[in-house]
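What follows is one structure encoded as structure tokens, with my remarks underneath.
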Amino acid sequence: MLHRHYQPAAAFGSVDVDLSDLAVAAVCIAALATRDHIRRDARPGLLVVAALAVAILAWTAWGAHFDGYDLHAHTITAGKWIEYMLLTPAVALIVRRQADLVPAAVTAVAWSVVVTAIGVLQYVGVLGDLENTPAGRRKSSLLGYHDFSALSASVLALALIVLATGRGPRRLAGVGAASGALGMVIGGAFDALLGLVLATVLIVLACRVRDPRRLAVVGWIVLAVLAGTIAIRSQAVADGLKFLGLKQGTGGAGEHVQSYRQRVLLAYIGGRIFIGHPFLGVGFDGSFDEFAYRPYLADARAKFDQPPEAFPSPTHRWGVQNAYVQSLSDFGVLGLVLFLAALLVPVWLALRRGVRPLAVAAAAVVLVTVGVWNGLGLVAGIPTDAITWLGVGAALASVSCAARRVY
């Protein structure tokens, strides 16, 4: 849960090994040391995750037949993406009962407090940040905007489970709720807010929350995060309304890169790549390469009023910046199915067969990431990757716990 800029790293040729890679390796070694196996009820979820991993390798090989496909770079990215996916079976093997994940939850809350405190110091101008933005704007803390928001939203979702049900460590939940909510506001990612809303709906429905006071507490926390995020992203919101024609003016769209206007244009290019290659796509991560996006640049420039640096180029390798659209452009229609299945099938199994508290917690975390991936491409080796596959692994662990009848 740390941006690579703040991690020690070692280079082996063109491959960089970060401290986070060693952390993933440690988790996998711990899983192998258990000498256990995935329970039968959890195996369908593991199979869809494995199918996505196989697809990433297969579509990396497929991309090699395109002139201009950077096979070397994309193979390294594919390897790191699959490396983080190994967290799913590792967690499913390590976690034998719900209590095994309590230290991880406590650690997540503690780290959320640390990174939120740093985000506050950046916001008031005491500390600098990765983007060197002025005080009073959204901040990335030690993770990056989306990763900071993803961690904060995940911790807040766990806290909301305790607040909604009245079961669990209330003081810790209070700390997590405060830290997570404030971190989400400072990170300012609307995609994480979408994930939090999905997680909150799940929590209320799955836990059958009926107490009006508890519902009010949960609702007011989510509304406070929404209001704070709108406030800190007021300029981006105004630009978005102008782009949609709901507000007059352009906000200098031709001179300044506007966050959501650029997101839409990149998604437009990704959609055009998919339409041009609907069945097999352009290979894993191929949407980053010039051969894939160049045919659609002229149309994109005609449709979107943005400066040249907002458009993808060899100098600005923006990518699609939406994991679902990138799945379509890179893999074709099967890619989106596999990606969604890898996230949602384990969640469905957990809610249907798993141990209820653990299943709801895991599902809530995964739904947070479902929202966050709207603002990220299939970027490898980032904290959101870890949160995603740890959450999926916890979902499968809840199924295995129920199969063992160990709670």
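General observations
- Hits in region 149-176 - residues which are within 22 Å of Gln122 (Cα to Cα) and either surrounded by fewer than 24 Cβ atoms within 10 Å (Cβ to Cβ) or touching a His at 6+ places or on another chain (Cβ under 9 Å) (or both): Val175
- Test: Leu46 is outside any helix (DSSP H, G or I), in contact (Cβ under 8 Å) with a residue 40 or more places away in the chain and closer than 29 Å to Leu160 by Cβ: no
Each row is one residue, and each column tells you yes or no for (1) modelled with pLDDT of 95 or more; (2) among the charged types (D, E, K, R).
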{"position": "Ala181", "(1), (2)": "yes, no"}
{"position": "Arg210", "(1), (2)": "no, yes"}
{"position": "Val222", "(1), (2)": "yes, no"}
{"position": "Ile230", "(1), (2)": "yes, no"}
{"position": "Ala236", "(1), (2)": "no, no"}
{"position": "Phe243", "(1), (2)": "no, no"}
{"position": "Thr250", "(1), (2)": "no, no"}
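- Region 232-244 residues that are of a type in the set (Asp, Glu), paired with ones that are part of a helix (DSSP H, G or I) (beta carbon under 8 Å, 6 or more apart): Asp239/Ser259; Asp239/Tyr260; Asp239/Arg261
- From the list Ile94, Ile29, Ile76, the lone residue that is free of Cβ contacts under 8 Å to residues at least 60 places away in the same chain and hydrophobic (A, V, I, L, M, F, W, C) is Ile29.
- The set of residues in region 73-93 being farther than 13 Å from Ile56 by Cβ and either surrounded by 20 or more Cβ atoms within 10 Å (Cβ to Cβ) or under 18 Å from the mean Cα position of the chain (by Cα) (or both) consists of Leu87, Thr88, Pro89, Ala90, Val91, Ala92, Leu93.
- Any hit, region 96-109, residues being closer than 18 Å to Gln326 by Cα and of a type outside the set (Gly, Ala, Ser): no
Residue by residue, here is whether (1) in contact (Cβ under 8 Å) with a residue 60 or more places away in the chain; (2) assigned by TED's automatic domain parsing to the domain that holds Trp59; (3) over 28 Å from Thr200 (Cα atoms) holds:
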residue	(1), (2), (3)
His277	no, yes, yes
Phe284	yes, yes, yes
Arg294	no, yes, yes
Gly354	no, yes, no
Val360	yes, yes, no
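- Of the helices (runs of 4 or more DSSP H) lying entirely inside region 52-131, those containing at least 1 residues that are over 19 Å from Ala394 (Cα atoms) span 71-85, 102-123.
- Lone unmet requirement of (1) at pLDDT 95 or above; (2) not in a loop (DSSP other than H, G, I, E, B) for Pro312: (2)
The values are calculated or read from the model by the stated rules, or taken from the named source; none is laboratory data. Note that this is a predicted model, so its numbers are computed, not measured. Cβ coordinates were reconstructed from backbone atoms using ideal geometry, including for glycine residues, and neighbour counts include every protein chain displayed.
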